[in-house]
Structure formats: C-alpha cells, structure tokens
Amino acid sequence: MSLSVPSASSASAAASTSGSSSSPAGASSSSTSTTTSWFSGIYRGKSGTAKLSKSASVAGGGGSGDYGGGPIKGKNQFRGVLFKYGSKSIQVAFKTGEYKQQVIFIGGLTDGLLATDYLEPLAIALDKEKWSLVQLLMSSSYSGFGTSSLKQDAQEIDQLVSYLINKENSEGVVLLGHSTGCQDIVYYMGTNAACSRAVRATILQAPVSDREYKATLPETPALIDLAAKMISEGRAEELMPKEADPCAPISAYRYHSLCAYMGDDDMFSSDLSDDQLKTRLGHMANTPCQVIFSMGDEYVPDYVDKKALVNRLSKAMGGAEKVEIEHGNHSLSNRVHEAVQAIIGFVKREGPSGWDDPWS
C-alpha cells in the first residue's frame, strides 16, 4: 500500500535536534511483561500491512516548551541512559525511556547521536506509547564509515540487540534506518543472526543509492578504477587518495562498495533490474517493513523517477508499506511532523496482537 503525505499546514512536532547526514551514502501500551522469559514477547510479523491513517496522533507535537517530564528536557536535550553494549570505546548507545520495547535508530554516513531533526519529537511520541528510543554508535559512526563495512555494522547491531535482550529483558525491537542505515538493516536482516529474530519490524527512511549520487561527480569513474585495482592487488583495506571522500579516510574496499555497480552497498539503485533488486531485498518480505521515501531527496539524481523507484523497492521486498513524503529532503528536516506521524503510526499498528511467535 502507498500513502502520499502532504506538507503539514501546522507547526511541526517539538523542536528537533540539529544534525546532518552526508549519505549517499500497534504496540503494547504496557511496559510490564507478564512472562518470565524474554523471547515469549518477541514476534515476527505476518505478511500484509494495514493502511496508515492520516489522522494517526503524534505525541509531543506541541511547541518548544511542551516537554513536561518526558524524555526531552529541552531543545537538543535528551533525558535517558548512556550505556556500553560492547567492549570497544565507540560501542555506546543512548536510550530514552525504560520500556521493554525499543526502536533502534541507525544513522547514515557521518551520523552519530542526535543525527536527524525528527528524533526529538519521535522520542516523545514513542515514550507516550511505552516504547524506548535507542541511538547507537558503531565503529562506522561519524568519520569511521570509510574503514568499516556493512558486515561490521551488522555484527555491532546484533551486539546491541543481544544486550537489550539479556540486560534489559527486551520484548522485541523495531529497526529504524536513515540513509545508509537502511543498507545496514537490509544486510543485518539477511544474516539470520540469532538476535535478528527479535526484530518485529523495520523502517527504511531514505533508502537511496550512494552509487547513483556519486556517479554525478566527475572524479568518480577514475576513483572506482583505482579502488578496483587496489582490491585486485590485495590492498582492499588500504586508504584511497583524499579526494575519494573529503569527509573521512576511506579504504579501497568501502569506496568500491559504495560507488561501484553491484558493490556490497548497492541495494537501492534505479538501474538495477527487478531480479537484482529481489535478490538483494527479497528477504525483507519476512518481516513487516515500511519504506519512507522523500520525494525531494537531494541525493537522488534528477533523472530518477522516484515514484517508480519506491514502487519497485516495495515490490522487491514483498510489498513493503510505502510512505511518500512530498517535498521532503533527505533527512526530512523540512518535514519533521510527517516523519514522526508515519513512524509512530507504523509502530503503534504493528504491535504484538496477532503476530507470530518465531520461537513456537
């Protein structure tokens, strides 16, 4: 199903945190579990989705002073718990709310904590529905993306989910990816890692092609050739010249993965065939999925038919729910209210009632 979300005529949800992304790169209302084992509350979704109501309420939609005693203390100020989920110094996460269900936000290239403007009002909306918002840092966060990989990201996401299960008695998570965080989710869900069964649903916000964006830059073809040559010489982990990416050091492998045809990160390109898209995305049909596509995304080349692309992506994922946000930019900083409305509506609707227990 598809929903086109128009511009909000009223003020957007509570004042949001500032952040940037350079990429291209209903739920139970109670936090009290009646079971004694964590996995009895985990559910894998059934096929098919319901319509997203345009009237889905968005908690925390008031002005900048509407914070109360919830997860937001003030503009750009979150209340919560900072914790380590792994042994590396970068492996920390920040959680608002003390609930048994969590939405895990996975940012894109150069992203870290407080990466998108909609996280602030989303934390408020989730808190009212008894869900926690978790923002994680991985080895690829900030300037680390150039020397990391989707495989490493997936391993660290699995570590975080494992921590939430074993230390926080999680009853299941929803993965929310922004930009290249969408590739992370697709890759992770394809690993069939044990903890991935705790994923109730996935949300892909701005699943766009790094390769197609990079192809608009004149230096890219020569740099792809250089990266391929380095890889063939066994130098995949060596760094590319500085002009390959002004934001961070980047290895030959990661540059090739992001920029080359059918590289590991190449999942959402408009020139991939239907069979290629299904090969890369087809396993997403096993879990309820929402695709939020910004129809004004600045990282999608002008020649790409966005409506056709989001239709093809949804089809390849077995009929994922489509939300098209008119005039929205890549991070939806200009459509915060619509972003939160779509996400919270999906999370509320895809709750435990009627879901399958993967452990039975």
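Below, the figures for the structure above:
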| item | result |
| --- | --- |
| Number of positions in segment 140-177 that are closer than 21 Å to Asp266 by Cβ and either open to solvent by 10 Å² or more (accessible area, probe 1.4 Å) or among the hydroxyl-bearing types (Ser, Thr, Tyr) (or both) | 8 |
| All helices (runs of 4 or more DSSP H) inside segment 217-320 with 1 or more residues being of a type in the set (Gly, Ala, Ser), within 22 Å of the chain's Cα centre (by Cα) and buried (at least 18 other Cβ atoms within 10 Å of the Cβ) | 252-259, 306-316 |
| Lys130 being outside the structural domain of Cys247 (by the TED database), part of a loop (DSSP other than H, G, I, E, B) and of a type in the set (Lys, Arg) | yes |
| Residue in segment 96-118 that is in a helix (DSSP H, G or I) and either open to solvent by less than 10 Å² (accessible area, probe 1.4 Å) or closer than 21 Å to Asp297 by Cβ (or both) present | no |
| Where a residue in segment 212-240 is farther than 21 Å from Asp271 by Cα and its partner, wherever it lies, is open to solvent by 80 Å² or more (accessible area, probe 1.4 Å) and among the hydroxyl-bearing types (Ser, Thr, Tyr), with Cβ under 6 Å and at least six apart | none |
| Among the residues listed as Ser141, Ser170, the single one being in the same structural domain as Phe293 (by the TED database) and modelled with pLDDT under 95 | Ser170 |
| Test for Glu338: is it at pLDDT below 95, buried (at least 24 other Cβ atoms within 10 Å of the Cβ) and among the charged types (D, E, K, R) | no |
| Subset of segment 308-344 (residues that are among the charged types (D, E, K, R) and in contact with a strand residue (DSSP E or B) (Cβ under 7 Å, 6 or more places away or on another chain)) | Glu321, Lys322, Glu324, Glu326, Arg335, Glu338 |
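The values are calculated or read from the model by the stated rules, or taken from the named source; none is laboratory data. What you see is a predicted model, and the numbers here were worked out from it, not measured in a lab. Every residue, glycine as well, gets a Cβ built from its backbone with ideal geometry; the counts of neighbours run over all protein chains shown. These accessible areas exclude ligands, DNA and RNA; they are computed on the full protein's heavy atoms, side chains included. Shrake-Rupley method; radii C 1.70, N 1.55, O 1.52, S 1.80 Å.
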